1. Would you confirm whether or not the stretch 222-239 contains a residue that is surrounded by 14 or more Cβ atoms within 10 Å (Cβ to Cβ) and more than 25 Å from ASN125 (Cβ to Cβ)?
2. Mind telling me which of the residues SER35, SER100, SER70, SER8 ends up being of a type in the set (Ser, Thr, Tyr), in contact (Cβ under 8 Å) with a residue 40 or more places away in the chain and at negative phi?
3. Just the residues that are surrounded by 14 or more Cβ atoms within 10 Å (Cβ to Cβ) and part of a loop (DSSP other than H, G, I, E, B), please, taken from the stretch 44-67.
4. Given the structure, is LEU161 surrounded by 13 or more Cβ atoms within 10 Å (Cβ to Cβ) and not assigned by TED's automatic domain parsing to the domain that holds THR106?
5. Going through ALA51, ALA33 one at a time, which residue ends up being out of contact with any Asp or Glu (no Cβ under 6 Å at 6 or more places or on another chain) and more than 14 Å from GLY17 (Cα to Cα)?
6. Looking only at helices (runs of 4 or more DSSP H) that lie completely in the stretch 92-201, which have at least 1 residues being of a type in the set (Val, Ile, Thr) and more than 24 Å from ARG29 (Cβ to Cβ)?
7. From GLY104, GLY95, GLY136, which residue is surrounded by fewer than 21 Cβ atoms within 10 Å (Cβ to Cβ) and either closer than 22 Å to ASP147 by Cα or charged (D, E, K, R) (or both)?
8. Quick check on the stretch 213-220. Is at least one of its residues surrounded by 13 or more Cβ atoms within 10 Å (Cβ to Cβ), under 30 Å from ALA122 (Cβ atoms), in contact (Cβ under 8 Å) with a residue 24 or more places away in the chain and not assigned by TED's automatic domain parsing to the domain that holds PHE138?
Amino acid sequence: MNTPASPSPLITFIGGGNMASAVIGGLLRQGHAPSALQIVEPWEEQRARLAQQFPGVALFGAAGAGLKPSDLVVWAVKPQTFKDAALAAGPHLGGALHLSVAAGITSDSMAAWLGTQRIVRAMPNTPALVGLGMTGLFARDGASAADRALVERVVRTTGELVWVATERDLDAVTALSGSGPAYVFYFLEAMRDAGARMGLPADTALQLAVGTFVGAATLAQRSAEPPQVLRERVTSKGGTTYAALTAMEAAGMKASFETALKAAQRRAEELGQEFGR
């Protein structure tokens, strides 16, 4: 005798932008019932796109009494609009678990605005749009083991995840992986442009650069060896790779990159201070 499938938890999304769409798409692909999803999205044009993209999902222009009681609320709004959205929607969300993907906004601020301790903060990144995201997670003490399991179930629809021990660690996660795709795109641009200046067609140079990043990242993911060992294996002294890496070291690239990451970390801290009051 087959055991009937458990019903899909009711999930409400406050904000219907790219990150919300990535999660919703992942949930639906894994069999989540569209009728167990609802989105609050104030922009009419975006609601129309969401209605076309996700038929059967309930859409609202503003939070109100029409919202069904939720098991989980996903906050996918910009940091500067979070407080207003929380104060407007909070009274209609009952005792739900709350998951925030907003950069910088602390769980202390969320707890004050929403009147609950059942809060998990997440820092995802844009590869979630193709199911290859990396998300850092932090849970307040008020979030139970079952709450964490529900969050994992939702986040895994977009890729991989890691839990961090302290909330402050999320600022470092933001610097490394949250902002990280932009660093990759930056290097891809640089490799494309350099390849073109060396005589290759720009599209060929970009194809080579993208394929190299994908291949090297996959090799690093599958290998038991640390990155420095993998690097050393393709760096023969006096060879072409050695020449390139020597030039990078002479230019102080590693130190400059660390400076850039720390700038991103500081900005994540500042966002919480600016918009968390």
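1. Initially, the stretch 222-239 is screened for residues surrounded by 14 or more Cβ atoms within 10 Å (Cβ to Cβ), giving 230-231, 235.
From the residues that got through so far, the ones that are more than 25 Å from ASN125 (Cβ to Cβ) too are 235.
Among the residues of the stretch 222-239, at least one is surrounded by 14 or more Cβ atoms within 10 Å (Cβ to Cβ) and more than 25 Å from ASN125 (Cβ to Cβ), which makes the answer yes.
2. Going through SER35, SER100, SER70, SER8 in turn, the sole match is SER70.
3. Those that are surrounded by 14 or more Cβ atoms within 10 Å (Cβ to Cβ) and part of a loop (DSSP other than H, G, I, E, B): PHE54, VAL57, ALA63, LEU67.
4. Working: surrounded by 13 or more Cβ atoms within 10 Å (Cβ to Cβ): yes; not assigned by TED's automatic domain parsing to the domain that holds THR106: no.
So LEU161 does not fit the description; no.
5. On the way: ALA51 fails: more than 14 Å from GLY17 (Cα to Cα).
Checking each option against the conditions leaves just ALA33.
6. On the way: elements: 107-114, 145-155, 169-173, 180-197.
Result: 169-173, 180-197.
7. On the way: GLY104 fails: surrounded by fewer than 21 Cβ atoms within 10 Å (Cβ to Cβ); GLY136 fails: surrounded by fewer than 21 Cβ atoms within 10 Å (Cβ to Cβ).
Going through GLY104, GLY95, GLY136 in turn, just one is surrounded by fewer than 21 Cβ atoms within 10 Å (Cβ to Cβ) and either closer than 22 Å to ASP147 by Cα or charged (D, E, K, R) (or both): GLY95.
8. Within the stretch 213-220 (the criterion being surrounded by 13 or more Cβ atoms within 10 Å (Cβ to Cβ), under 30 Å from ALA122 (Cβ atoms), in contact (Cβ under 8 Å) with a residue 24 or more places away in the chain and not assigned by TED's automatic domain parsing to the domain that holds PHE138), the answer is yes, since at least one residue qualifies.
The values are calculated or read from the model by the stated rules, or taken from the named source; none is laboratory data. Everything numeric here is computed off the predicted structure, so don't read it as measured data. Ideal geometry is used to build each Cβ from the backbone, glycine not excepted, and the neighbour counts take in all protein chains shown.
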